[in-house]
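S.K.: Pasting a structure here, questions to come.
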Amino acid sequence: MLASNGLEGLEKFKQNCYDMIITDINMPLMGGIEMIERIRQKDKDVTILIVSAYSDTEYLTNSIKAGIQGYIIKPTSMEQLIEVLEASIDYIKAKQTQKAYHLSLQNQVDRESKKRQETEALLISQSKMASMGEMIGNIAHQWRQPLNELGLVIQSCKSAFERGVLDAQFVESRVTKGMLLIEKMSSTIENFRNFYSPSKNQSNFSLIDSINKSLAIFEGAFRNNDIECVLEYEEGKDWRFYGYSDEFEQVFVNLLSNAKDSLVEHNNFERIIYINLKSVNSRIEIELCDNGIGLSNEVKKRLFEPYYTTKDDTKGTGIGLYMSKEIVHKHLKGTIEAYNKTFELRGKSHNGAAFKITLPHAKEREDAL
Ligand SMILES: Nc1ncnc2c1ncn2[C@@H]1O[C@H](COP(=O)(O)OP(=O)(O)O)[C@@H](O)[C@H]1O
Ligand SMILES: [Mg+2]
C-alpha cells in the first residue's frame, strides 16, 4: 500500500492494519517523524523503517525517540534494502509467533480456570442438595416416634367411641396428649431450620455447643438405629474456636452421617460413636471414632476425593468428605485426617474408622486473621 505523504499515510494506517511501515522523513503536509509519533500513539508494536537521505544525528535521535526498528540512508543499494527488509520480516514473524503462543496460553489458562469455577460451583450446589436430603431423612427419623403416637391417640378415640366410653374427660386427655406431640414435631422443624440457616458473623463459638447441636440433629436417627454416642472432653478448658459456627457444624454433620451409615452397614451388636476433644500444645484435636466397617486401604486413599463413594446411588454422593476437607483446610485453617483406630470405652475395646480434625486455638486464629 502506498501513500504520497505523511497525512495520507496516517489516514491509511487508521483504516487498515499493517505489519510494516516504510517511510521517508521529508514529505509534504506531514513529515515522517510526526507521522511515526502519531502512529505510535495508536500502535506500539508495528514495525517502522525509515528510508531517508537525512543522515544528521538530530533526525536520527528524533526518529529513535519516536520508536523505529530500522534506518536506511539514501542512496542505498537494492541488496542493502532487501537485507534490512528481510531482517525486519523475520522480526515481525517472531513477534507474531510469540503473540499467538501467548494468546493460546492465555486461552488455555482462562478455559482451565472457568472449568475449575464451574466444577466448584457444581460441587457446592450438590453438597447443598445432599445435606438437604440428609436433613429430610433426619426429620423423618425424628418424626417417626411422635407420628406413631399420634396415630395411637386418634385410634384410641375411635375405639373409646365404639365401646361407649368416650366422655369429655377422655377427649380432653387425648387432645392434650395430641397437642403435646404436635408441639414436639414442630419444634423439631424449628431446630432444623435454625441449624441450616447460615450464621451471619464470625465469632468465638463453643465447639462443645456446636457438637451438641449437630448431635441433636441425629437424635432420632441414632435412637431408631440403636446407636450410642459418647462425647468426652476435659471440663474447664477453653474449647472455643473463632470463625463461622455453621461451617464447623456442616463438617461435623458429615462425619456423623458417615459414621451412622458405617454402623448400620456393619450390623454390630453394639453400635458406638465415640467423640473426644484434646488440647494439644496450641491446637484443639477433635476425634470421632466409630466401630463400624472401618476403612480399607483403597477407601483410605481416596475418601477425600470428590465423587468418591462406596455407597449406592440413593445413599452416597461422595462429596461429603471432599467438602469437609475444603472447609477445614481453607476456611477453618485446620487439618482433617482419616485412619482406623481401636478405642476403649467402659473397659472394652472397639475398632473402626476415626476422623481427626485439628484446629488452631481461638486466640491464635484471631491473631492470624
Ligand atoms: N466412618 C466411616 N467408616 C467407613 N467408611 C467411611 C466412613 N466415612 C466415610 N467412609 C467412606 O468414604 C466414602 C466417602 O464419604 P463421603 O465423601 O461422605 O461420601 P458418601 O457418604 O456420599 O459416600 C464413603 O462412601 C465410605 O466408603
Ligand atoms: Mg457422606
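S.K.: Inspect all residues belonging to region 300-307 and state whether any of them is in the same structural domain as Asp209 (by TED's automatic domain parsing), out of contact with any helix residue (DSSP H, G or I) (no Cβ under 6 Å at 6 or more places or on another chain) and more than 16 Å from ligand 2 (Cβ to nearest atom).
M.R.: Residues of region 300-307 that are in the same structural domain as Asp209 (by TED's automatic domain parsing), as a first pass: 300-307.
Imposing the further condition that a residue be out of contact with any helix residue (DSSP H, G or I) (no Cβ under 6 Å at 6 or more places or on another chain) reduces the set to 300-302, 305, 307.
Still in the running and more than 16 Å from ligand 2 (Cβ to nearest atom): 301.
Yes, region 300-307 contains a residue that is in the same structural domain as Asp209 (by TED's automatic domain parsing), out of contact with any helix residue (DSSP H, G or I) (no Cβ under 6 Å at 6 or more places or on another chain) and more than 16 Å from ligand 2 (Cβ to nearest atom).
S.K.: Picking from Lys300, Lys325, Lys315, Lys333, which residue would you name as being at pLDDT 90 or above and more than 26 Å from Gly243 (Cβ to Cβ)?
M.R.: Exactly one residue qualifies, and that residue is Lys300.
S.K.: I would also like to ask the following. Taking region 114-152 as the region of interest, how many residues are within 30 Å of the chain's Cα centre (by Cα), polar (S, T, N, Q) and exposed (fewer than 12 other Cβ atoms within 10 Å of the Cβ)?
M.R.: So the answer is 3.
S.K.: Considering only region 110-140, state which residues are touching a helix residue (DSSP H, G or I) at 6+ places or on another chain (Cβ under 7 Å) and away from ligand 1 (no atom under 14 Å from the Cβ).
M.R.: If the condition is that a residue be touching a helix residue (DSSP H, G or I) at 6+ places or on another chain (Cβ under 7 Å) and away from ligand 1 (no atom under 14 Å from the Cβ), then Met135, Asn138, Ile139 are the ones that fit.
S.K.: Please find, among Ile189, Ile217, the residue that is within 47 Å of the chain's Cα centre (by Cα), farther than 18 Å from Tyr244 by Cα and in the same structural domain as Phe248 (by TED's automatic domain parsing).
M.R.: Ile217
S.K.: Same structure again: What residue, among those in region 272-327 that are in a strand (DSSP E or B) and within 11 Å of ligand 1 (Cβ to nearest atom), is surrounded by the fewest Cβ atoms within 10 Å (Cβ to Cβ)?
M.R.: Among residues in region 272-327 that are in a strand (DSSP E or B) and within 11 Å of ligand 1 (Cβ to nearest atom), the one surrounded by the fewest Cβ atoms within 10 Å (Cβ to Cβ) is Leu288.
S.K.: Take the residues of region 328-346 that are touching a residue at least 40 places away in the same chain (Cβ under 8 Å) and in a strand (DSSP E or B): which is nearest to ligand 1 (Cβ to nearest atom)?
M.R.: Ranking the candidates gives Ala338 first.
S.K.: Out of all the residues in region 261-271, which are polar (S, T, N, Q) and loosely packed, with under 15 Cβ neighbours inside 10 Å?
M.R.: Asn267
S.K.: Right, here's the next one. Does any residue of region 353-368 turn out to be closer than 17 Å to Glu232 by Cα, assigned to a loop (DSSP other than H, G, I, E, B), assigned by TED's automatic domain parsing to the domain that holds Leu277 and at pLDDT below 95?
M.R.: So far as region 353-368 goes, no, none of its residues is closer than 17 Å to Glu232 by Cα, assigned to a loop (DSSP other than H, G, I, E, B), assigned by TED's automatic domain parsing to the domain that holds Leu277 and at pLDDT below 95.
S.K.: Is there a residue being surrounded by fewer than 10 Cβ atoms within 10 Å (Cβ to Cβ) and of a type in the set (Val, Ile, Thr) anywhere in region 33-48?
M.R.: No.
S.K.: May I ask you to say which residue of Leu295, Leu332 is away from ligand 2 (no atom under 15 Å from the Cβ) and not small (Gly, Ala, Ser)?
M.R.: On the way: Leu295 fails: away from ligand 2 (no atom under 15 Å from the Cβ).
One residue alone meets the criteria, Leu332.
S.K.: Where in region 1-113 are there strands (runs of 3 or more DSSP E), lying wholly inside it, with at least 1 residues that are under 59 Å from the mean Cα position of the chain (by Cα), modelled with pLDDT under 85 and of a type in the set (Ser, Thr, Tyr)? Step through it out loud before you land on a result.
M.R.: Details: elements: 20-23, 47-52, 70-73.
Filter on region 1-113 gives 70-73.
S.K.: Report, ordered by the first and then the second residue, all pairs with beta carbons closer than 6 Å, sequence separation of six or more or different chains, a first member in region 311-324 that is more than 10 Å from Gln126 (Cβ to Cβ), and a second member that is part of a loop (DSSP other than H, G, I, E, B) and within 8 Å of ligand 2 (Cβ to nearest atom).
M.R.: Gly316/Thr309
S.K.: I've got another one for you. I'm told Leu181 meets every condition in (1) in the same structural domain as Leu332 (by TED's automatic domain parsing); (2) touching a Leu at 6+ places or on another chain (Cβ under 6 Å); (3) of a type outside the set (Gly, Ala, Ser) except one. Can you identify the failing condition by its number?
M.R.: Unmet for Leu181, out of (1) in the same structural domain as Leu332 (by TED's automatic domain parsing); (2) touching a Leu at 6+ places or on another chain (Cβ under 6 Å); (3) of a type outside the set (Gly, Ala, Ser): (1).
S.K.: Turning to a different aspect of this structure: Conditions: (1) of a type in the set (D, E, K, R); (2) more than 16 Å from ligand 1 (Cβ to nearest atom); (3) buried (at least 16 other Cβ atoms within 10 Å of the Cβ). Glu190 meets all but one. Number of the miss?
M.R.: (3)
The values are calculated or read from the model by the stated rules, or taken from the named source; none is laboratory data. The structure displayed is predicted, hence computed values, not measured ones. Don't worry about glycine lacking a Cβ; one is built from the backbone with ideal geometry, like all the others, and counts go over all protein chains shown.
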